[in-house]
Amino acid sequence: MSQDKIKNLVLTGASRGIGHATVKRFSSAGWRVITCSREKVPEKCPWSEGLHDHVQIDLESVENIVEGSKKIVEKLNGDPLHALVNNAGISPKGNKNRRLDTINTPLECWQQVFQVNFFAPILLAKNLKSSLQKEAGSIVNVTSIAGSRVHEFAGSAYATSKAALSALTREMAADFGPSGIRVNAIAPGEIKTDIITPESEELIVPKIPLGRFGTPEEVAQTIYFLCSDMSHYLNGSEIHINGGQHVR
């Protein structure tokens, strides 16, 4: 891809799993990837410009998001933002890694989870709207299969925040659409990452029609599709990436 045609992506939660695979997918297609996280650039940085194109943002802080958004715009230096992928999310656990349900989740935990999983995506989108509308950009929100059912391992705060993010995607599609910005979501099911345990695999795989967990690379391919020219008329959609798990 020639220099004058390089596309720009802003991605939260890039250090592992789906985010890591997304960086690789877009970088391989010649995109410039600006990553955001509360930490510095990961040691296993898979993109050549990682040090230069990383912005430290604590998504739990509204002030940090505002300041971080300004830094992103500065890095763009007047260039358009072609895609924003809200991938970062948190799912706190209780003692001995137990699932936090509606009874045993502290209020401050609810507030923390919703700030990162729900409020941060809309704040980033609003602050980056001017850059996105320059080239009819795309926003992809990463929800979850847990947003539509009680999950064996995902906590109540995480699940309801992802359900809210799914509804927010619909609202954003209506509000950002007139500016030429498309807003869609993906809802991954069980994806083979470091957090998957043998116990969860044994329990959940039999419920998946395709008989296996997905890979981060398969999710990254769908994110890329939603940010590419192949999906120009797709707006307000949520794509299930779960091997058919949602139909059972």
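No lab work stands behind these numbers, since they all come straight from the coordinates. Note that the coordinates shown come from a computational prediction; the quantities given were computed from them, not determined experimentally. Heads up, the Cβs are rebuilt from the backbone with ideal geometry, glycines too, and the neighbour counts pull from every protein chain shown.
Any residue at all in the range 133-141 that's over 22 Å from PHE26 (Cα atoms) and in contact (Cβ under 8 Å) with a residue 12 or more places away in the chain?
No: zero hits.
Limited to the range 150-199, what total is found for residues that are assigned to a helix (DSSP H, G or I) and charged (D, E, K, R)?
5
Determine whether ALA173 is without any contact (Cβ under 8 Å) to a residue 24 or more places away in the chain and either of a type outside the set (Val, Ile, Thr) or crowded, with 24+ Cβ neighbours inside 10 Å (or both).
So ALA173 does not fit the description; no.
Go through the range 91-134 and report how many residues are part of a loop (DSSP other than H, G, I, E, B) and under 18 Å from ARG182 (Cα atoms).
The qualifying residues number 1.
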